[in-house]
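Some notes on the structure that comes next.
The values are calculated or read from the model by the stated rules, or taken from the named source; none is laboratory data. Note that the structure is predicted; figures quoted are calculated from it, not measured. A quick note on method: Cβ atoms are made from the backbone with ideal geometry, for glycine too, and the neighbour counts reach across all protein chains shown. Ligands, DNA and RNA are stripped out before the accessible areas are found, and what is left, the full protein with its side chains, is counted by its heavy atoms. Shrake-Rupley method; radii C 1.70, N 1.55, O 1.52, S 1.80 Å.
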Amino acid sequence: MKKAGTIIGAIALTFVIGGALILGNAAFAAKTAAAIIGSPAAISAANLETVSNVKTDREITGNVLDSGGENKAVVMKTLPNGSTVLVEYSYGADGAEATVTYSADGTVRKYAGDAAEAAIERFGGPKRDRPNRYVEGQPSESDITKKFAASTAVTAIADKYALTTETLDRFNVTTTFYSAYEDISGAVWFVRLYPVNVDDFSEIGAYSAILSAATGDPLQILSATDGKG
């Protein structure tokens, strides 16, 4: 029995390393494999099928580990910059928990509750109904910076609504990072332009833009007359 368990573990380990090599992150695969070997319980034969169920385009999903009686899932995703993110997550009585590890710099972030749900969705995990669709967070190294987001949003707003430099100077610009925002897939930067002098609202209005945190692409550009500016 001991020998059979060793063989099963070796097969599962081969799948994990092979999937990660497809993503071009061999070093990260070695770290992931080491973590699995050192876990209290090996991957069971029942989970072997899900371990081999990998995607080779942008992400690897479905690697379910049985560790200490607590079911945890792992999703790996390749970001636009070529680095890999490993997310280990679980759902319990107290809500979701997620540990996110970035291969680029070894950064590890832990989330709980709504923030964990948003992180799980962002990197390719399952989407579930959440009462709070707006979760503020912090950008990662792979996200565009706050300064770049503000500059990109202001330019996009000015182009769409033909705002002059003189008009733009009459606005305050606020920028907020959301790990979850309504039904938009992935994290976003929300940039809002509101008059410095509130009495100017009737003349120049207010504007907002939502950008993809990963790429900086504008997802929504709105004015107050659109109902959400």
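Packing-wise, with mean Cβ within 10 Å as the measure, how do 160-173, 196-209 rank, highest first?
196-209, 160-173
When the accessible area of the stretch 71-229 is split by element with a 1.4 Å probe, what percent falls to carbon and sulfur?
The value for the stretch 71-229 is 48 percent carbon and sulfur by accessible area.
Just the accessible area for Ser90, please: 1.4 Å probe, Å², rounded to the nearest 10?
Here the residue's solvent-accessible area equals roughly 10 Å².
What does the stretch 135-229 give for Rg and for Dmax, in Å, if only its C-alpha atoms count?
According to the Cα coordinates of the stretch 135-229, Rg and Dmax are 13.1, 39 Å.
Heavy-atom accessible area per residue, the stretch 73-229, 1.4 Å probe: how many Å²?
Using a 1.4 Å probe on heavy atoms only, each residue of the stretch 73-229 averages 50 Å².
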